[in-house]
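Let me begin by presenting the structure, written as structure tokens, before commenting on it.
FYI, it's all coordinate maths here, none of it is from the lab. Just so we're clear, the structure is a prediction, and the values are computed from it rather than from any experiment. Virtual Cβ from ideal backbone geometry, glycine too; neighbours counted across all protein chains shown.
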Amino acid sequence: MTTNLILKIRPFTQNDIEDIHLYASNPITTQYMLWGPNTIEDTQVFLNYVFSHYSKTPITNFEYGIEFEGKIIGGIALIVDYVAQSAEIGWILNEAYHRRGIVFQAAKEMIALAKSLGMETLHATADSRNIASYKLMEKLGMHHVSTTIHGRFNKLTGQYDLDQVYYELKLK
């Protein structure tokens with residue numbers, strides 16, 4: 001695993017649509033996501049949603065791109081609840097860049113952001129079959145809180161028939 005890669009975590013721009021669509025339309029990359037694989041129209045709808053959140057005050061949805069070697073190779077999000085002082089973190093990464101420590105590094109930056117915003121708790125969920133994702137949660141210091149049987153939506157069946165893991169990290 002490579003550490004201390006030169007990554008840039010930044011807001012998405014309209015110019016990123018092709019890079020985003022490259023991973024968002026990939027069935028392997030999106031297999032454990034609640035959405036996808038995307039059409040180009042789906043990716044544009046996502047970008048429009050993100051842009052609408054960038055203009056809100058205070059920002060509660062920090063949906064950023066992971067830039068590496070001049071292109072967006074994934075996304076990382078921090079969804080903030082200022083009243084509860086908690087945030088949810090989530091990520092996606094182009095499969096060509098898996099197992100390089102990229103999301104670990106990006107997530108550490110987002111955890112620092114959560115702390116700077118006064119968040120006390122960080123949580124994340126994942127499809128229980130997505131071992132790499134919950135192993136990353138553990139590497140980040142998150143602890144398994146629960147597994148909800150049939151608690152995750154299955155985009156293939158249209159039902160809640162997948163198991164979901166829930167992890168948490170105390171920031172204060």
Exercise. Can you give the extra length, in nm with one decimal, that the chain gains between F51 and T147 once fully stretched, where that is 0.36 nm per residue apart less the Cα-Cα distance?
Worked result: 31.3 nm
For this session: List, in order, the whole-Hz ³J(HN,Hα) value for each residue of the stretch 64-78 obtained from phi through the Karplus relation with A = 6.51, B = -1.76, C = 1.60 and θ = phi - 60°; use x for Gly and Pro.
Result: 10, x, 9, 9, 9, 6, x, 9, 7, 10, x, x, 9, 10, 10
For this session: Pick out, in residue order, every one of the trypsin sites (Lys or Arg not before Pro) in the stretch 44-123 that is DSSP loop and has at most 13 other C-beta atoms within 10 Å; say none if there are none.
Result: K56, R99
Seminar exercise, completed: Interchain or sequence-distant (5+) residues whose placed amide H lies within less than 5 Å of the amide H of Y160 are N154
For this session: For the stretch 113-123, take each phi angle, set θ = phi - 60°, evaluate the Karplus expression 6.51 cos²θ - 1.76 cosθ + 1.60, and give the result in whole Hz per residue in order, putting x for glycine and proline.
Result: 4, 4, 5, 5, 8, x, 5, 9, 9, 10, 9
Problem set entry | Computed [θ] at 222 nm, deg cm²/dmol, the chain (DSSP H ≥ 4; -39,500 (n - 2.57); rounded to nearest 500) | -8500 deg cm²/dmol
Problem set entry | Computed E for D81/S116 - FRET, C-beta separation, R0 22 angstrom, nearest 0.05 | 0.90
Seminar exercise, completed: In whole percent, the Cα-Cα distances of the chain spread across 5 Å bins from 0 upward as 1, 8, 17, 20, 22, 19, 11, 2, 0
For this session: Anything over 24 Å Cα to Cα? Flag those among K71/K170; K56/K135; K56/K155; K115/K135; K108/K155, in the order listed.
Result: K71/K170; K56/K135; K56/K155; K108/K155
Seminar exercise, completed: Sorted by chain and then number, the residues having a modelled amide H within less than 5 Å of the amide H of L171, at least 5 places away or on another chain, are T121, L122
Seminar exercise, completed: Relative contact order as a percentage, the chain, C-alpha pairs under 8 Å and 6+ apart, gives 19
Exercise. Given DSSP loops and a limit of at most 13 other Cβ atoms within 10 Å, what is the longest stretch of the chain that contains no such chymotrypsin sites (Phe, Trp or Tyr not before Pro)?
Worked result: 83-172
Exercise. In whole Hz, what ³J(HN,Hα) sequence does the stretch 158-172 give by Karplus (6.51, -1.76, 1.60; θ = phi - 60°), x for Gly and Pro?
Worked result: x, 10, 8, 10, 10, 8, 10, 9, 10, 10, 9, 9, 7, 8, 10
Seminar exercise, completed: Between N38 and residues 5 or more places away or on another chain, the pairs with built amide H atoms under 5 Å apart involve S25, N26
For this session: Can you bin the stretch 80-172 into rounded, prolate or oblate? Criterion: square roots of the alpha carbon gyration tensor eigenvalues sorted a ≥ b ≥ c, rounded for a/c under 1.5, prolate for a/b above b/c, oblate for the rest.
Result: oblate
Problem set entry | Centre separation in Å (Cα based) which lies between the stretch 30-101 and the stretch 146-172 | 18
